[in-house]
Each structure stands twice: as C-alpha cells, then as structure tokens.
Amino acid sequence: MNFTNSLTKWYLQNKRDLPWRNTKNPYFIWLSEIMLQQTRVAQGMPYFLSFTTAFPTVFELANASEEQVLKLWQGLGYYSRARNLHKTAQFVAFELNGVFPNNYKDLLQLKGIGEYTAAAIASFSYQEAVPVVDGNVFRVLSRYFDIETDIASSGAKREFSALAFEMMSKKDPALFNQALMEFGALQCVPRNPDCSNCVLNQGCLALQKKKVELLPIKAKKLKVKNRFFNYIIFLDDANNTLIQKRTAKGIWHNLYEFPLIETEQEVDFEFVFNEIQKNPIIENKIVSLSERNNKSQIHKLSHQHLHIKFWKTTVKGTIPNGIDYATLITFPFPIVIFNFIEKDWE
C-alpha cells in the first residue's frame, strides 16, 4: 500500500473527534487554525468552544470590542493573533458581507492569515488542492523521505509543499492534509515515536537508516532575552488599586498590567522604594512596601524570559482613578498577572 493510502486509512481509524472537523464552515475552521498556532489542541479546545458560544458567527466577533476579544483570549498567549482575528472578522463582516474568500490566493490577503492557515481553510472548506505544511508535516515527510533540508531555511517550505502536493489526493485534499497533520501529532511525534507500530514503517527511510531522532533538521536557534519586571501594586485605604494599558508595540500590546519598573537585573527592596520615590506614579504617601513573591516568577515566551516580581505598596488616602477588585478582574491581563490577581491578591 502506498504512502497516501496507508496514511488516509490510518487517519480514518485513529483521528480525534474535534469540533472543527465536523464542519466546512470557513469561520469555524479559521478560528480553530488561528487558535492552534503555537498551541496544543487540549489547550486550544476550551477557547474555541468559548469563542463559538460568545461569537457564533463572524458578525458577533466583528461587533465585539477589542477588550472583549482579548479577555476571552486571556491565557492563550501570542495576543497579536487575537488582535488580528478581530480586525479580520471586521473586514470579512463589513467589507465582504460575512463571506470568506473561497480560494487560497484571496485568503492570503486577510490580516493574520499566512500560507499555512490559508491552505487549511482553502482545502478544508473548499477542497482546493493546496498542501498544508506545519511542524507535523515537516517531521513526517523529512523522516519518511530522509530529507536533510534545514526546515528553518528559506527554501524549506517550498520544497516540502511541492512534495506534499505530489503525494496529495487531488480528489480529496482536505482528507490528505488532515491525515498528514494528525499523523505527525499522534504517531510520528517529536521524541520517541512508536516506530514498531507505525503503518509507514516499511517505507520510512529515517527508520531504515536509524535517523528518526535526528530529523527534521532545524539549525536556527532563537536567542532568548532576559527581562526583569517589577510590578507595583498600589493599595489605598479603600483597597483600590491602579492599572495601566500596554500601548507600546511588543509583547502584551493592549493588555493591562500594574505600574511597571523594568530593570536590567533582579533588584532589591531599597532600589524599588527609591524608584517609586524618585518617579512618583501617584501623589499618595507610601505607608509600606513588601515583596509578594521573594523569588522571581519566570514567565517564558518564545523569545523572552520574563523575571517577574510583584511589590505590594500600601498608600494613604484614595488613589485617583483607583479601581476595586471586582472591576479589576474584568480587564484583559497577561495570564501571569491574572493568575496573581486570582490566587495571591489577599
């Protein structure tokens, strides 16, 4: 049995029952694909269900505020996806009368939709014969065909797309794409795949050459930057606090946070106290300052490690524009801050 037949037969017997697989609706498929970028299915599923409940069509999503969208997205990370999702929903709803483009080329024109997502929507919704190439596909094809091309190199996507297109059933491209992706997610996993129980093991060149753990090749390493965040949690006589919106480009754009002192390294009580005195954020007199976490909490992003400390600062009187706890938790925060508010506020 050849590669494509073995693969699709395996898929039909082993595929997961996922809600976005039971529809050809491009809105649902688009939502799921954006959510599953850089995100595992188990983590993305509750968000998909929340979004489709709150916004059953692209019109409800388009008419929501950005803050509503970010709040519902809270914890999923890579927040630019949510902002692009909202902008694209508005474009589709108001400029295209709620109808998604029905081909790969036009889908690529939408904000936040790259080659992978455009191919997924085009093939799953419209049966266009265009290959979907993600990390799972790179892994399966590089191992089966013993391809040593660095998948981070500029020509890799084109090379693997051409190979996937050649193997693809042109009658049912959606089935082939789903099968290839699912095979990489469940069977041909990154570490310690069960090659002895694999339907493709007879033809797999990496298995024959004992190279399974060496492929795919990815030479380019991300340089990780360390940043040190000191969040100042002001609390006044009424237990109200102060937050601000991150408006600068970069991480967590348009999410909320406490007043921030960013430093080059971890700092002590004296440094933080002097900074607050030197550059007063509010006029209220400080009564006390204390660390809420003695050891920095490390929050890892793809290219940055954030070393986070929370400093409780009680002040006299009433903070101008202060908000209470009930109001505080309605705002969209980075998940590391929201977890602190929920678990360590008292």
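The single condition among (1) open to solvent by 70 Å² or more (accessible area, probe 1.4 Å); (2) aliphatic (A, V, I, L, M); (3) closer than 30 Å to Leu7 by Cβ that Val212 does not satisfy is (1).
The set of residues in the stretch 114-125 that are surrounded by fewer than 23 Cβ atoms within 10 Å (Cβ to Cβ) and touching a residue at least 60 places away in the same chain (Cβ under 8 Å) comprises Tyr116, Thr117, Ser125. Looking across the stretch 327-346, the residues that are more than 22 Å from Glu66 (Cβ to Cβ) and either open to solvent by 70 Å² or more (accessible area, probe 1.4 Å) or among the aliphatic types (A, V, I, L, M) (or both) come down to Glu342, Lys343, Asp344, Glu346.
Taking the criterion of being out of contact with any strand residue (DSSP E or B) (no Cβ under 7 Å at 6 or more places or on another chain), surrounded by fewer than 18 Cβ atoms within 10 Å (Cβ to Cβ) and among the charged types (D, E, K, R), the only residue of the stretch 136-156 that qualifies is Asp146. Checking each residue in the stretch 161-209 for being under 26 Å from Tyr104 (Cβ atoms), over 23 Å from the mean Cα position of the chain (by Cα) and open to solvent by 20 Å² or more (accessible area, probe 1.4 Å) picks out Ser161, Ala162, Leu163, Phe165, Glu166, Met167, Ser169, Lys170, Lys171, Asp172, Leu175.
When Gly75 is tested against (1) on the phi > 0 side of the Ramachandran plot; (2) out of contact with any helix residue (DSSP H, G or I) (no Cβ under 8 Å at 6 or more places or on another chain), only condition (2) is not met.
Condition first: in a helix (DSSP H, G or I) and of a type outside the set (Gly, Ala, Ser). Now tell me which residues in the stretch 308-329 satisfy that. Tyr325, Thr327, Leu328 - these are the residues of the stretch 308-329 that are in a helix (DSSP H, G or I) and of a type outside the set (Gly, Ala, Ser).
Can you tell me which residue among Ile298, Ile286, Ile232, Ile281 is in contact with a Pro (Cβ under 6 Å, 6 or more places away or on another chain), closer than 22 Å to Ile341 by Cα and open to solvent by 30 Å² or more (accessible area, probe 1.4 Å)?
Values: Ile298 fails: in contact with a Pro (Cβ under 6 Å, 6 or more places away or on another chain); Ile286 fails: in contact with a Pro (Cβ under 6 Å, 6 or more places away or on another chain); Ile232 fails: open to solvent by 30 Å² or more (accessible area, probe 1.4 Å).
Just one listed residue meets the conditions, Ile281.
When you check Lys210 against the structure, is it at pLDDT below 95 and over 30 Å from Phe273 (Cβ atoms), yes or no? No, not satisfied.
When you check Asp106 against the structure, is it open to solvent by less than 40 Å² (accessible area, probe 1.4 Å) and of a type in the set (Asp, Glu), yes or no? Answer is no for this residue. The residues of the stretch 49-80 that are buried (at least 17 other Cβ atoms within 10 Å of the Cβ), in contact with a Pro (Cβ under 9 Å, 6 or more places away or on another chain) and within 24 Å of Ile337 (Cβ to Cβ), listed by number, are Val69, Leu70, Lys71, Leu72, Trp73, Gln74, Gly77, Tyr79. Quick check on the stretch 1-47: of everything there that is of a type in the set (S, T, N, Q), touching a residue at least 24 places away in the same chain (Cβ under 8 Å) and not in a helix (DSSP H, G or I), which residue is least open to solvent (accessible area, probe 1.4 Å)? Only one residue tops the list, namely Thr39. Determine, yes or no, whether Lys249 is open to solvent by 50 Å² or more (accessible area, probe 1.4 Å), charged (D, E, K, R) and at pLDDT 95 or above. No: the conditions fail for Lys249. For the stretch 81-92, indicate whether the set of residues that are buried (at least 19 other Cβ atoms within 10 Å of the Cβ) and over 20 Å from Gln37 (Cα atoms) is non-empty. Yes, the stretch 81-92 contains a residue that is buried (at least 19 other Cβ atoms within 10 Å of the Cβ) and over 20 Å from Gln37 (Cα atoms).
The values are calculated or read from the model by the stated rules, or taken from the named source; none is laboratory data. Please read all numbers here as calculations on a predicted model, not as lab measurements. Don't worry about glycine lacking a Cβ; one is built from the backbone with ideal geometry, like all the others, and counts go over all protein chains shown. Remember, those area values only see protein heavy atoms, side chains included, never the ligands or the DNA or RNA. Shrake-Rupley method; radii C 1.70, N 1.55, O 1.52, S 1.80 Å.
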